[in-house]
Structures are given as structure tokens and as C-alpha cells.
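Structure first, then comments.
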Amino acid sequence: MSEISCEEVLAEVEDYLHGELDPDRARVLASHLSTCSPCWERAEFARKLKDIVRVKCRSHTPEHLVVRIRETIRRETIRGPGDLPGAAPGPGETQFL
């Protein structure tokens with residue numbers, strides 16, 4: 001008899017697959033999965049689905065966009081928030097209308 005029910009395993013299987021459980025809890029789930037074929041099949045399906053999504057949903061940001069974003073961040077960092085259009089004047093600054 002397992003230390004954990006099928007319902008508990010299935011409720012935590014995603015955390016198990018992502019490596020988010022503490023080692024003791026992960027061992028309990030692994031033990032259950034090794035002896036319960038219905039839970040193992042569900043866990044294996046979830047693992048395969050996770051792998052497919054990871055591979056198929058990978059996106060690559062075009063290099064020209066990365067360069068534009070970095071340049072914008074660099075310019076804004078150099079200018080500072082008080083230099084933005086419509087920004088309130090900082091201490092000791094005068095706002096001209």
C-alpha cells in the first residue's frame with residue numbers, strides 16, 4: 001500500500017515533474033508512480049506534453065529587435081526619468097509652459 005493516494009499524486013504531479021517538490025515529497029511520489037501504472041501513465045503523458053510545449057513554443061527574438069530594445073533602455077537610463085516628455089520638474093528645476 002502506498003503512503004499517498006492517487007488523488008494526491010495527480011494533484012502534485014506537475015510540481016513533481018517541474019522539480020518543485022522537496023526531496024522527501026518527491027521520493028513519496030516517485031515511489032507511488034513506480035507501483036501505480038494509472039498514475040504513472042498520467043505523469044508520463046504530462047511529462048511528454050511539457051516537453052512538446054517547451055520545444056514547439058520556443059520563440060526567438062529577432063536580433064534587430066533586441067538591439068533596439070537595448071538602445072532604448074540605454075538612452076532612457078542616461079536621460080533619466082525627469083527627462084521624459086510631460087514629466088514633473090525635479091527639485092530646483094523650472095517648468096516652462
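Points worth noting:
- Residue count for the range 9-24 under the criterion of being surrounded by 15 or more Cβ atoms within 10 Å (Cβ to Cβ) and either over 18 Å from Leu49 (Cβ atoms) or among the small types (Gly, Ala, Ser) (or both): the result is 1.
- Condition check for Leu33 on (1) surrounded by 14 or more Cβ atoms within 10 Å (Cβ to Cβ); (2) of a type outside the set (Ser, Thr, Tyr); (3) part of a helix (DSSP H, G or I); (4) free of Cβ contacts under 8 Å to residues at least 24 places away in the same chain: one failure, at (4).
- Near pairs, Cβ below 8 angstrom, 6+ apart or cross-chain, from the range 52-70 (loosely packed, with under 10 Cβ neighbours inside 10 Å) to any residue that is among the acidic types (Asp, Glu) and assigned to a helix (DSSP H, G or I): none
- The test for being touching a helix residue (DSSP H, G or I) at 6+ places or on another chain (Cβ under 9 Å), modelled with pLDDT of 95 or more and not hydroxyl-bearing (Ser, Thr, Tyr) does not hold for Ala88.
- Taken over the range 1-28, the criterion of being in a loop (DSSP other than H, G, I, E, B) and either acidic (Asp, Glu) or touching a helix residue (DSSP H, G or I) at 6+ places or on another chain (Cβ under 6 Å) (or both) is satisfied by Ser2, Glu3, Ile4, Glu20, Leu21, Asp22.
- Candidates Glu76, Glu93, filtered to the one that is assigned to a helix (DSSP H, G or I) and either at pLDDT 60 or above or over 30 Å from Tyr16 (Cβ atoms) (or both): Glu76
The values are calculated or read from the model by the stated rules, or taken from the named source; none is laboratory data. Predicted model, so just to flag it, every value in this text is computed and none were measured. Note: ideal-geometry Cβ built from the backbone for every residue, glycine included; neighbour counts use all protein chains shown.
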